[in-house]
Amino acid sequence: MDLLIGRLNYFIYIVLMMIGLYGMIGKKNLVKKVIGMNIFQWSIILFFVSIGAKKGATIPILEAGHGGHAAHHAITHAADYINPLPHVLMLTAIVVGVGTTGVALALLIKIYKKYGTVDEDELLRKMR
């Protein structure tokens, strides 16, 4: 039971992922598809940030000794530090996601102005 409670955030991320996937696949409204895409994307970002966290660890910055050089006598263990790579990659994913959402919404505005709807079935019917 403790293992389940300790990993509760992963189950929440999977539920969010499934909600986003359902929004992208199951809905016919294009705005709802974009919202589903965003939910899916944010669940992945939250998942990667949470697996990059570590209890009892610190940021990977070594304090400089006298003269600007790191202390020579201090032994550093990688297990004592948080890996910054997942967090940095997710910052990039956030920027890409914002750009993708902006382009998707701009396209939806153009589609609505041209066809008068954002419903997928009605759009396909009007495009024929």
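Each value in this text was obtained by applying a stated rule to the coordinates, not by laboratory testing. From a predicted model like this one, the values you see are computed outputs, not experimental measurements. Reconstructed Cβ throughout: ideal geometry from the backbone, glycine too, with neighbour counts over all protein chains shown.
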Starting from the Kirkwood radius over alpha-carbon pairs of the chain, derive D by Stokes-Einstein at 25 °C in a medium of 0.890 mPa s and give it in µm² s⁻¹.
134
Mean residue ellipticity at 222 nm from the helices of the chain, using -39,500 (n - 2.57) per DSSP H segment of n ≥ 4 over the full residue count, to the nearest 500 deg cm²/dmol?
-22500 deg cm²/dmol
Using packing as a proxy for protection, rank 91-103, 34-46, 10-22 so that the peptide with the highest average count of other Cβ atoms within 10 Å comes first.
34-46, 10-22, 91-103
Pairs K33/K55; K32/K55; K32/K54; K32/K114; K32/K126: which are spaced more than 26 Å apart, C-alpha to C-alpha?
K33/K55; K32/K55; K32/K54
Please work out the FRET efficiency for the pair F11 and L107, using the Cβ-Cβ distance as r and a Förster radius of 41 Å; give the result to the nearest 0.05.
0.75
From the C-alpha gyration tensor of the stretch 1-53, square roots of 5λ in Å:
26, 12, 5
